[in-house]
Amino acid sequence: MPAMKMKSRILIADDDETLCYLLKEELVTNGYSVDVVYDGKFAIENIKNKNYDLLLLDLEMHEVMGDEVLSFIKTYSPNLQVIMLTAKSEMRTAIECIKKGAYDFISKPYDFDDLLLTIGRALEHKELIVKNTILSTKINQKISTKIIGESKSIQHTINLAMRAAKSDSNILLEGETGTGKELFAEFIHTNSVRSEKPFVIVNCASLPDQLIESELFGHEKGAFTDAKTPKQGLVEIADGGTLFLDEIGEMSLTLQPKLLRFLENGEYRRVGGVVNLKSSVRVIGATNKNLIEESEKKNFRRDLLFRLNVITLTIPPLRGRIDDILVLAKHFLSIKSPVRDPKIFSTEAEEALLNYKFPGNVRELQHIVERAIIFAEDRIITHEELSLPTAYSHASSAIMPQYPEQHPPQIQHLETSKTDTIVSLDELEMAHIKKALDFNKWNRENTARLLGISQKTLYSKIIKYNLKQYES
């Protein structure tokens with residue numbers, strides 16, 4: 001039996017109790033979740049404490065009129081769709097309400113079928129607004145939810161993800177950088193009961209603490225210097241859907257208790273606010289860190305970890321799914337090659353890919369293929385045009401990664417000792433980062449993109465290894 005979809009939430013605000021009773025019964029029968037209040041002041045209180053998709057709002061009420069409620073909504077919860085319920089004599093006022101932001105109006109006595117059609121259109125309009133909000137703020141970047149791979153390890157992980165999607169529990173995705181944790185998060189969302197609601201992505205390493213808190217939970221007017229108007233948080237925008245917290249291991253200890261509170265009961269406060277709000281989202285966290293070790297070091301709250309990892313999925317590294325390397329490489333080749341000039345790999349190039357360790361995993365493979373397509377002189381991509389760093393080749397004894405000095409196809413090899421040398425992972429990482437920084441003339445944004453890490457993580461590594469731009 002297919003899973004039921006999340007119900008849209010409707011609030012009715014009308015002082016006619018009989019009408020409210022009949023309207024609620026009809027709407028519930030049609031699959032909506034419905035609350036009822038009998039005055040505008042109670043409508044405002046409910047909207048402050050609960051997220052609704054749509055408000056059916058009477059114009060004439062005893063204490064607070066409908067147009068006053070509408071004015072409040074347009075600043076406090078602008079995505080909430082409002083349909084005015086009006087008498088014939090209130091037509092001019094209803095039209096003015098539409099100019100102020102109401103979606104539509106229905107005259108009493110109304111035809112219920114017409115009302116249902118208007119409600120459906122209003123809810124579709126809200127979904128479109130939310131999607132545009134997510135895209136315009138670059139929180140959600142559309143990615144394919146098709147996971148490419150034939151190896152046993154990836155197929156096993158896909159099966160686990162599918163089973164996890166059918167639950168509504170919080171999920172923790174573990175795996176190295178570039179393994180496809182974001183892809184798995186959207187795969188889980190797409191196959192869940194929340195699939196028709198928003199999928200919102202937040203990178204916990206890309207913003208400072210106060211800004212992340214404001215992005216997540218919203219803020220009230222005057223909460224800080226630039227807070228000139230109230231703002232909805234992402235947990236509010238994602239209500240009913242999925243919130244993907246990427247690089248959650250980078251979240252500060254200051255913000256972790258607030259996230260924990262939200263995971264425990266769905267409650268949160270906007271920055272500068274005093275009212276507890278509620279939102280129903282499924283949280284998927286992702287990390288390339290070992291959060292158990294981080295909790296032992298007091299860098300990550302153990303109680304937050306327990307809330308997050310109700311279900312834990314570990315995404316295998318590409319070197320652990322060798323059967324998928326050529327499958328993925330040919331997939332990227334097919335979608336990135338010019339239609340009129342499709343490229344193929346030489347036999348030597350395919351062997352080189354199979355012998356490479358891919359420290360940057362699938363993301364690195366994609367970048368390697370894209371780069372090879374650009375610099376390949378002929379239809380067949382050669383081993384040399386792949387420009388694979390020899391440090392991570394299975395057949396290589398080099399100990400440090402290499403970057404091109406001028407153009408990607410021209411690799412200058414590092415001097416290595418004739419005798420085997422054992423180095424620590426820190427030394428290897430330090431050399432790797434220093435080489436990438438030098439190649440990009442210390443442009444941190446380009447270097448972080450090349451390494452597949454956030455600028456915040458890159459900066460922490462520069463501090464850790466005391467790297468200097470002009471050191472020899």
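The values are calculated or read from the model by the stated rules, or taken from the named source; none is laboratory data. Just so we're clear, the structure is a prediction, and the values are computed from it rather than from any experiment. Quick reminder, even Gly has a Cβ in these numbers, built from the backbone with ideal geometry, and neighbours come from all protein chains shown.
Return a yes/no flag: does segment 76-83 have any residue that is loosely packed, with under 14 Cβ neighbours inside 10 Å and either on the phi > 0 side of the Ramachandran plot or touching a residue at least 12 places away in the same chain (Cβ under 8 Å) (or both). Spell out how you get there, then give the answer.
Keep residues of segment 76-83 that are loosely packed, with under 14 Cβ neighbours inside 10 Å, which gives none.
No - not one qualifying residue is present in segment 76-83.
Take the conditions (1) among the polar types (S, T, N, Q); (2) surrounded by fewer than 22 Cβ atoms within 10 Å (Cβ to Cβ); (3) within 17 Å of the chain's Cα centre (by Cα); residue 242 misses just one of them, which is (2).
Against the numbered list (1) touching a helix residue (DSSP H, G or I) at 6+ places or on another chain (Cβ under 6 Å); (2) closer than 30 Å to residue 77 by Cα, residue 276 comes up short only at (1). Return yes or no: is residue 401 touching a His at 6+ places or on another chain (Cβ under 9 Å), surrounded by 17 or more Cβ atoms within 10 Å (Cβ to Cβ) and either at negative phi or at pLDDT 75 or above (or both)? Judged against the criteria, residue 401 is a match.
Going through 332, 358 one at a time, which residue ends up being under 22 Å from residue 155 (Cβ atoms) and part of a loop (DSSP other than H, G, I, E, B)? Lay out the reasoning, then the answer.
On the way: 332 fails: part of a loop (DSSP other than H, G, I, E, B).
The conditions single out 358.
For the residues 417, 393, 460, 424, the requirement of being surrounded by fewer than 16 Cβ atoms within 10 Å (Cβ to Cβ), touching a strand residue (DSSP E or B) at 6+ places or on another chain (Cβ under 6 Å), at pLDDT below 85 and not aromatic (Phe, Trp, Tyr) singles out 393. Taken together, 350, 370, 377 contain a single residue that is among the acidic types (Asp, Glu), surrounded by 17 or more Cβ atoms within 10 Å (Cβ to Cβ) and either within 35 Å of the chain's Cα centre (by Cα) or part of a loop (DSSP other than H, G, I, E, B) (or both), which is 350.
Checking each residue of segment 226-236 against the condition of being in contact (Cβ under 8 Å) with a residue 60 or more places away in the chain, in contact with an Asp or Glu (Cβ under 7 Å, 6 or more places away or on another chain) and within 24 Å of residue 160 (Cα to Cα) gives no match. For segment 204-262, the candidate set comprises residues that are out of contact with any Pro (no Cβ under 7 Å at 6 or more places or on another chain) and among the β-branched types (Val, Ile, Thr); within that set, the residue that is farthest from residue 81 (Cα to Cα) is 254.
Quickly run through segment 123-149 and pick out the residues that are at pLDDT 75 or above and either assigned to a helix (DSSP H, G or I) or surrounded by 12 or more Cβ atoms within 10 Å (Cβ to Cβ) (or both). Working first, answer last.
We begin by selecting, within segment 123-149, every residue at pLDDT 75 or above; these are 123-130, 146-149.
Selection gives 123, 124, 125, 126, 127, 128, 129, 130, 147, 148, 149.
Checking segment 283-291 against the condition returns no match, with no residue being without any contact (Cβ under 8 Å) to a residue 40 or more places away in the chain and of a type in the set (Lys, Arg). Cβ-Cβ contacts under 7 Å between residues 6 or more apart (or on different chains), taken from a first residue in segment 179-205 that is in contact (Cβ under 8 Å) with a residue 12 or more places away in the chain and surrounded by 23 or more Cβ atoms within 10 Å (Cβ to Cβ) to a second residue that is in a helix (DSSP H, G or I) and among the polar types (S, T, N, Q), are listed as 179/361. Tally up the residues in segment 165-178 that are charged (D, E, K, R) and either crowded, with 23+ Cβ neighbours inside 10 Å or touching a helix residue (DSSP H, G or I) at 6+ places or on another chain (Cβ under 9 Å) (or both), please. Summing the residues that are charged (D, E, K, R) and either crowded, with 23+ Cβ neighbours inside 10 Å or touching a helix residue (DSSP H, G or I) at 6+ places or on another chain (Cβ under 9 Å) (or both) in segment 165-178 gives 2.
The number of residues in segment 202-243 being more than 30 Å from residue 191 (Cβ to Cβ), touching a Gly at 6+ places or on another chain (Cβ under 8 Å) and hydrophobic (A, V, I, L, M, F, W, C) comes to 3.
For residue 45, state whether it is part of a helix (DSSP H, G or I), over 18 Å from residue 124 (Cβ atoms) and modelled with pLDDT under 90. Give the derivation first.
Details: part of a helix (DSSP H, G or I): yes; over 18 Å from residue 124 (Cβ atoms): yes; modelled with pLDDT under 90: yes.
Against the criterion (part of a helix (DSSP H, G or I), over 18 Å from residue 124 (Cβ atoms) and modelled with pLDDT under 90), residue 45 qualifies.
Residue by residue, here is whether (1) farther than 24 Å from residue 451 by Cβ; (2) in contact with a Leu (Cβ under 6 Å, 6 or more places away or on another chain); (3) not assigned by TED's automatic domain parsing to the domain that holds residue 158 holds:
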position	(1), (2), (3)
310	yes, no, no
327	yes, no, yes
332	no, no, yes
342	yes, no, yes
355	no, no, yes
372	no, yes, yes
377	yes, no, yes
388	no, no, yes
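The sole residue among 33, 8 that is under 30 Å from residue 195 (Cα atoms) and modelled with pLDDT of 90 or more is 33. Specify the residue that is surrounded by the most Cβ atoms within 10 Å (Cβ to Cβ); the eligible residues are those in segment 104-122 that are of a type outside the set (A, V, I, L, M) and touching a Ser or Thr at 6+ places or on another chain (Cβ under 8 Å). For segment 104-122, the residue satisfying everything is 105. Any residue in segment 48-58 that is over 34 Å from the mean Cα position of the chain (by Cα) and crowded, with 18+ Cβ neighbours inside 10 Å? Checked against the condition, which is being over 34 Å from the mean Cα position of the chain (by Cα) and crowded, with 18+ Cβ neighbours inside 10 Å, segment 48-58 yields at least one hit. Out of the residues in segment 245-276 that are within 18 Å of the chain's Cα centre (by Cα) and within 30 Å of residue 33 (Cα to Cα), which is surrounded by the fewest Cβ atoms within 10 Å (Cβ to Cβ)? Only one residue tops the list, namely 263.
Residue 279 satisfies every condition listed in (1) free of Cβ contacts under 8 Å to residues at least 24 places away in the same chain; (2) of a type in the set (S, T, N, Q); (3) surrounded by 21 or more Cβ atoms within 10 Å (Cβ to Cβ) except (1).
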